[in-house]
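Reading through the structure tokens given below for one structure.
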Number of protein chains: 2
Amino acid sequence: MKPKLNDVAQLAGVSVTTVSRVINDHGYLSERTKQKVFAAMRELHYQPNNMARSLQGKNTQLVGLIFSDISNPFFAELVSRIEKILFAKNYKVILCNSADDPQKERDYLQMLMANQVDGIIAGAHNLGIEEYKQYGLPIISFDRYLSDNVPIVSSDNFNGGWLAAQTLQQAGADKIAIFTGKSHAGSPTNGRREGYEAYLTQHGLTPHVHELPFELSPALKTMEIRTILENHDYNGVFCSDDLTALLTANVAQQLKLTIPTELRLVGYDGTALIRNYHPNLTTIEQPLADISTLLVSLLLQRIADANCKLEAKYTLPVKLIKGTTA
Amino acid sequence: MKPKLNDVAQLAGVSVTTVSRVINDHGYLSERTKQKVFAAMRELHYQPNNMARSLQGKNTQLVGLIFSDISNPFFAELVSRIEKILFAKNYKVILCNSADDPQKERDYLQMLMANQVDGIIAGAHNLGIEEYKQYGLPIISFDRYLSDNVPIVSSDNFNGGWLAAQTLQQAGADKIAIFTGKSHAGSPTNGRREGYEAYLTQHGLTPHVHELPFELSPALKTMEIRTILENHDYNGVFCSDDLTALLTANVAQQLKLTIPTELRLVGYDGTALIRNYHPNLTTIEQPLADISTLLVSLLLQRIADANCKLEAKYTLPVKLIKGTTA
DNA sequence: AGTTGTATGTCAAACGTTTATCATTTTTAT
DNA sequence: ATAAAAATGATAAACGTTTGACATACAACT
């Protein structure tokens, strides 16, 4: 069987109390006993049982991460960063792919509660989850409204949309469309569209909004995009995420539209993946490092003090990544 | 405070024993009491404390996932799939990004032990982790040798390399290089190189092996590739992963090498991401769905019966995805 | 009538750890 | 030598749940 506190105590020739004191650095302890105990722990490969510890009242040092799907590179990078930061602070991460399914999201919430997580970072795309309120658990949200007392961290979507439109115009485009996700209240892509629209109308251009349902498969999305590009003579397109921008670039190639002379293209997100493997793509970069750091930092504050006052919304600046597509 | 078993019992007007019986479906129970208890649980938003349950002997239903870095799309997709399958089977996932750092990997192992996970699926890239042996925990490995009693699931790397070489030759290439990771014993990319070499030598061609250190940044890798392509007149390149293939394609474009007429290109992995967003890339697809299913299935077998006999190695077939680059 | 099966209850031990209390011993300082 | 401080131990309660032992009650069969 696995070694337990008692076994360590026996091997070290001390009492359980002392071993526990050593582990928790509690009360008076001589250097000599500490060493004896550590030696015994090493020899037995002893690992304190976290279940028992947290039953006692200790934190579980577990954090739940709810995102729609980490096979999306944007979330993959975000989750990867968050995990790294949390691990460095001695927290572990329980991963939840909600797949944008409200029921799954609810199930995940239940499960995380049952596992006594110390807090949750959520960045899924569903809305109307009333449940987030009732659990008196520290929660921080990424780029999405969950409930009144849940702080939101996001990048400056409005300015991002504005910047994208500006970039397209300054690159010579004057018939500029936006390809974005279905807009429901609270969705982050709304801000991007609004920024885009604001820039265009302020500069005497007409916005052309095309909503591509988020859940569409890439193949279907490609078809839609092809139809759109064939039936309008846009010379500039702002895609509200980089993956859609890639699809658009593919379609442009099929249609023999040269980029950027005939069609200018701007994406959104600017993950490391895109910057590294598609350096040509002009895009709006979300500051993923800062976002991750802030998300974690806010969560830990809430965990340390459940009532600590936090802002309702934290907006981080975006950055234009100038490629060759616009 | 959070509701506990006792509160549910009081509200339902039954004993704690009965509530516990309902939850665990244990012993005789009338439909009426069951309903009463469920109603009370719902009303209180009761969630059994998993810490207490597992202390008492129940499984934690937690599985540790150790991968080098999920910001790599290949691992992102793999982890995403594994998580989905496990969630459907009522398991939760603790995510570990080992970053190919043996010390981090050791720390993660310790942590997972401390959290009483029921098992581990590991697909990191380090070797020589003796620790995997001593923990008497069900472990399944993806594409990597860990220890004698740890079953390995992998795709048919040798055949993949063979197929890639064959595809390049049949597309008209006769000076065919391979860009692969540093080869250390046990690394999966070795098989791919061996398959490539075997095909070439058997067909009277000379293998040209270029090892690009795995940890090189994409920018440095790009420089390396550029140097290589400038100094040799290869007309076919097999990259042992798709991301390197993308870099190679970028470099080819810079050097005005047309693909596939002047340079033929084959990648490896064939994630959904690549298939969806780079449908042109000819690549060798690893069966990620089958791999995930098998990894989980083997792990659950081991969890159910720690001594169940499993094969040392499970090799799944790969598939050529014919694009336009070779 | 007695037997059996079903349904519930009471009680207490157990899981592995933490922590408080009280007691005791050893060390150090004066 | 004496007091104070430091180091350890023994004991037990607590965390929330499961589970077994045992008791009781009521129904439905013979």
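Derivation of every value follows stated rules applied to the coordinates shown; laboratory data play no part. Nothing here was measured: the structure is a model prediction, and the numbers come from that model. Glycine also receives a Cβ, built like all others from the backbone with ideal geometry; neighbour counts cover every protein chain displayed.
Would you confirm whether any residue within the range A:259-269 is touching a Pro at 6+ places or on another chain (Cβ under 6 Å) and free of Cβ contacts under 8 Å to residues at least 24 places away in the same chain? Reasoning before the result, please.
So the first thing to find is which residues in the range A:259-269 are touching a Pro at 6+ places or on another chain (Cβ under 6 Å), and the list is none.
So far as the range A:259-269 goes, no, none of its residues is touching a Pro at 6+ places or on another chain (Cβ under 6 Å) and free of Cβ contacts under 8 Å to residues at least 24 places away in the same chain.
Going through the range A:44-58 one residue at a time, which ones are of a type in the set (A, V, I, L, M) and either within 10 Å of chain B (Cβ to nearest Cβ) or within 6 Å of DNA strand C (Cβ to nearest atom) (or both)? Reasoning before the result, please.
Of the range A:44-58, the ones of a type in the set (A, V, I, L, M) are A:44, A:51-52, A:55.
Across the range A:44-58, the qualifying residues are A:51, A:52, A:55.
Restricting the search to the range B:25-43, which residues are within 14 Å of another protein chain (Cβ to nearest Cβ) and near DNA strand D (Cβ under 9 Å from one of its atoms)?
Result: no residue meets the conditions.
In this structure, is residue B:64 over 16 Å from the mean Cα position of the chain (by Cα) and more than 7 Å from chain A (Cβ to nearest Cβ)? Steps first, answer last, please.
On the way: over 16 Å from the mean Cα position of the chain (by Cα): no; more than 7 Å from chain A (Cβ to nearest Cβ): yes.
Criteria not met by residue B:64.
Taking the condition of being surrounded by 21 or more Cβ atoms within 10 Å (Cβ to Cβ) and at the interface with chain A (Cβ under 7 Å from one of its Cβ atoms), how many residues in the range B:78-113 meet it?
So the answer is 9.
Take residue A:215 and tell me if it is within 17 Å of residue B:273 (Cα to Cα) and either assigned to a loop (DSSP other than H, G, I, E, B) or within 9 Å of chain B (Cβ to nearest Cβ) (or both). Walk me through how you get there before you give the answer.
Numbers: within 17 Å of residue B:273 (Cα to Cα): yes; either assigned to a loop (DSSP other than H, G, I, E, B) or within 9 Å of chain B (Cβ to nearest Cβ) (or both): yes.
Yes, satisfied.
Within the group A:190, A:231, which residue is more than 14 Å from every other protein chain (Cβ to nearest Cβ) and either farther than 30 Å from residue A:102 by Cα or basic (Lys, Arg) (or both)? Quick ask: steps written out before the conclusion?
Working: A:190 fails: either farther than 30 Å from residue A:102 by Cα or basic (Lys, Arg) (or both).
Going through A:190, A:231 in turn, the sole match is A:231.
What do you reckon, is residue A:37 within 14 Å of DNA strand C (Cβ to nearest atom) and of a type outside the set (Asp, Glu)? Explain how you work it out, then say what you get.
Working: within 14 Å of DNA strand C (Cβ to nearest atom): yes; of a type outside the set (Asp, Glu): yes.
Yes.
Can you tell me how many residues within the range B:6-31 are outside any helix (DSSP H, G or I) and more than 6 Å from DNA strand C (Cβ to nearest atom)? Walk me through how you get there before you give the answer.
In the first step, residues of the range B:6-31 are kept if they are outside any helix (DSSP H, G or I); the result is B:13-15, B:25-30.
Filter once more, so that each one left must be more than 6 Å from DNA strand C (Cβ to nearest atom): B:13, B:25-26.
Qualifying residue count for the region: 3.
May I ask you to say which residue of A:49, A:59, A:6 is more than 12 Å from DNA strand D (Cβ to nearest atom) and not small (Gly, Ala, Ser)?
On the way: A:49 fails: more than 12 Å from DNA strand D (Cβ to nearest atom); A:6 fails: more than 12 Å from DNA strand D (Cβ to nearest atom).
Exactly one of A:49, A:59, A:6 is more than 12 Å from DNA strand D (Cβ to nearest atom) and not small (Gly, Ala, Ser), namely A:59.
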